[in-house]
Amino acid sequence: MNWHEVRSIYPNSWVLLEAIESHHEGDKWHPDQLTIINEFADIMSALSVRRQLRSQMPKRDLFIAHTNNLVLDIQERQWIGVGFMT
C-alpha cells in the first residue's frame with residue numbers, strides 16, 4: 001500500500017505505519033510500501049502504542065503520520081549520543 005492509498009482509507013487521522021519497502025535520497029527517507037498498524041484519533045495514543053511496539057520489535061520501521069499531509073516528507077537525523085550495550 002502506498003501513502004495515497006493510506007490517505008484515502010483513513011482521512012484526517014493519525015496512523016501508525018510500518019515501512020515494508022523504503023529508500024533514501026540524501027537526508028530524506030522515503031517509505032514506498034506501507035502496512036497500516038492502527039488508526040488513532042490523537043497523537044498521544046499513537047505514540048504510546050508505537051513505544052510499546054518498538055520495545056518489542058526494535059528493528060521494524062514504525063512511524064506515525066497524519067493523513068492530512070499530502071506527501072510523507074521524512075528527514076533522517078543521525079543519533080549522536082550515548083547508547084546502551086545489550
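The values are calculated or read from the model by the stated rules, or taken from the named source; none is laboratory data. Please read these numbers as outputs of a predicted model, since none were measured by experiment. Here the Cβ is made from the backbone with ideal geometry for all residues, glycine too, and neighbour counts use every protein chain on show.
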*Working only within region 31-64, note down all residues that are among the β-branched types (V, I, T), part of a helix (DSSP H, G or I) and touching a Leu at 6+ places or on another chain (Cβ under 8 Å).*
V49
*Failed item, numbered, when D61 is tested on (1) in contact with a strand residue (DSSP E or B) (Cβ under 6 Å, 6 or more places away or on another chain); (2) loosely packed, with under 10 Cβ neighbours inside 10 Å; (3) among the charged types (D, E, K, R)*: (2)
*From the residues in region 55-70 that are under 11 Å from the mean Cα position of the chain (by Cα) and not hydrophobic (A, V, I, L, M, F, W, C), which one is nearest to W14 (Cα to Cα)?*
H66
*Within region 7-21, count every residue that is surrounded by 14 or more Cβ atoms within 10 Å (Cβ to Cβ) and either under 12 Å from the mean Cα position of the chain (by Cα) or small (G, A, S) (or both).*
7
*Looking only at region 65-75, which residues are of a type outside the set (V, I, T), in a loop (DSSP other than H, G, I, E, B) and touching a strand residue (DSSP E or B) at 6+ places or on another chain (Cβ under 9 Å)?*
L72, D73
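Test of understanding: among S48, S55, which residue is loosely packed, with under 14 Cβ neighbours inside 10 Å and either in contact with a Gly (Cβ under 6 Å, 6 or more places away or on another chain) or at pLDDT 95 or above (or both)?
S48
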*Could you check how many residues of region 24-44 are within 22 Å of Q78 (Cα to Cα) and more than 14 Å from the chain's Cα centre (by Cα)?*
4
